[in-house]
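Here is the structure we will look at.
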Amino acid sequence: MSGEAGADEVDRPKTTVRHSHTVHLLGSRDIGGETTYLMRLRQESDYKYSFFLKKAVDFMELIEELKKDQMNRMWGDASEIQILPDMPKAGRFGFRKALSKLGVSDFLDQQQEAIQKGMDQLMCQVTQISKDETLTKFFTESADPDQKRILFDWVLGMRNEVTLLSVMGFWRLAGSKRTWTIHSDGQANLDGRHRGDEYDFIEEGDPTTLNRVITRKDGWSIDLERSSKDHLIWVSPGKQELDWHRVGKDEAEAALKKVEELKAGIKKKKEEQQQAEEEAEKAKIRTTILQRAATAKLERMQSNLEGGGQDPISRLEAANDAIAEEDEDEVAAQQSTAPAPAAAAEEKKEEAAADAAAPPAEEKKEEEKKAEEKAEEKAEEKKEEEKPEEKPEEKKEEDKKQEEKVAEKAPEA
């Protein structure tokens, strides 16, 4: 199991399988008054299964036969099996079952665990069953039709306890706090989110046969004989088995709610960080615009006041126009990029610097007044210069007329 959900949930290190087969004791029953075990042999290369009915005495006899083989082996004739485990002694099923009911000891479970441990020790040394005649005989399927019928019914009943409908609900991988939710259609969600169809459950095969399986597209399958409605064992060739345990509805829903709150917090923090970055960028742009505008304003004011071939009145009007134009640019900049709260202090500092660089208001008015007076003087001088000079004859004629007017008025006086 790999992928997004597999980082800490379903992916496990691959295990190098040295032995060729694994034996599992799936359960025990009273058959003919004796403890009889349902034994399964799994071929590790492809996970093909074979089933057998074995009594406790059969396991004891297997070990005894292997001991004889070791004693009778010729010098130099090596064997894979070097260590033979101990097996518990066989007993009457009814006697041990009666003791278990009385609470003296759980003989049946202890005996099954001891046999399982012994078979694990034995099979981990075997790379090929066919190399050993005693093992080959022990793992030969019975031709007895009664045993075949018992085997089939027993195995089919165990397998049918685990179906797609029976595994609906909430699960957790052993040792993990993350929650899987399995739906009736097989969809599998991890912490409330679907991680891909490779993790969905797929049930295939006829439920009336031993061919029904529950698998996933990533190669993992449920060990139906060893799983139950509250415990799932996942297997995949060459990998360690995984255990899933059912989680109660209240506990699972509380965990999923906590996950959603955590996700919401992460999302909000990310959005706030993104918004802060955007506002900082806008503030940076606005500060740049204001700096450029202040610099251009000062340059234009200085240029217009210094002259440049224009009369004082024209220079003054040009300076006012430049100021008005720069003010319009500043307003446009403020409208296009709203200042961020984080940049407010910096903006005020920049504006203060620009104001400090500009001429004070009183000095500006004094300069404008002087410029106006100077312009008026020059205009008056220019007017006097342009006034035409009177000719001598015309001047005499004008004086004569003035004298005549005076003479006419004299008698009346």
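For segment 140-280, the calculated P(r) over all alpha carbon pairs, in 10 Å bins from 0 to the bin holding the longest distance, is 10, 32, 26, 16, 9, 4, 2, 1, 0 percent.
Once backbone amide H atoms are built at 1.01 Å from N, K55 has Y37 as its partners under 5 Å, excluding neighbours fewer than 5 places away on the same chain.
If the chain linking D30 and T127 were pulled fully straight, counting 0.36 nm for each residue of separation and taking away their Cα-Cα distance, it would gain 31.6 nm.
At q = 0.30 Å⁻¹, what log₁₀ I(q)/I(0) does a Debye calculation on the Cα points of segment 145-192 give, no solvent, two decimals? Summing over Cα pairs of segment 145-192 leads to -1.02. Using only the C-alpha atoms, the convex hull of segment 106-219 corresponds to 197 Å³ per residue. Counting only heavy atoms of the protein chains and using a 1.4 Å probe, R73 has close to 70 Å² of accessible surface.
The values are calculated or read from the model by the stated rules, or taken from the named source; none is laboratory data. Please read these numbers as outputs of a predicted model, since none were measured by experiment. Each accessible area value is taken on the protein alone, full model and side chains, heavy atoms only, with ligands, DNA and RNA left out. Shrake-Rupley method; radii C 1.70, N 1.55, O 1.52, S 1.80 Å.
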